[in-house]
Amino acid sequence: YKIFYILIGLFFIIYLSIDINQETSNKFLIGIKDTPRFELMLSGFKDWVENGNYIFGLGVGNFNISGNSIASHAHNTYLNILFENGIAGLFFYLVFMFSIFIKLLNKLKEDKNSHIVVSGILLWIANMILSLGNTSYHHENALLITMIWILAINKDKEILK
């Protein structure tokens, strides 16, 4: 199993070394000073504050309520949910996500050699980190991640046998 994880790490490093071009390296150098994204998040925060409905937010799909022509979502899952669904929506989203993580950890305790459960945990961690810079549930990768989580959580159920 250690070899498997080492190979995954090596493939990732190789991918990064091949993919790094001028644009990619500039993005790494810019880091959190990515002003268009920062302005986008500030614009969403301003709309959310001006709307005044902190508990339930602006409403689903209403991120660009003030005519924000930069983008239709915040490019940050947590802020996007906060703006559109309010504090209540963000709370329930985080409860849901951490309940998935706890389920995955419990499955890993039951079977320490389950690759699908380890993959589910790694995808959960990656998703939570990537959600800081993108709205992952606006893309098809959310369907794939969700399917892997379902398989990992239900790996001992009759449906998979």
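Read-outs throughout are calculated quantities, based only on the coordinates presented, and are distinct from any laboratory measurement. These numbers were taken from a predicted model, which means no experiment stands behind them. Because the Cβ atoms are built from the backbone with ideal geometry, glycine has one as well, and the counts that use them run over all protein chains shown.
Annotations
- In order along the range 111-123, the Karplus-derived 3J(HN,Hα) couplings, from 6.51 cos²θ - 1.76 cosθ + 1.60 at θ = phi - 60°, round to 9, 6, 9, 7, 5, 5, 6, 4, 4, x, 5, 5, 5 Hz, and Gly and Pro are given as x.
- Each Lys or Arg adds one and each Asp or Glu takes one away; over the other residues whose Cβ falls under 14 Å from the Cβ of Phe101, this sums to +3.
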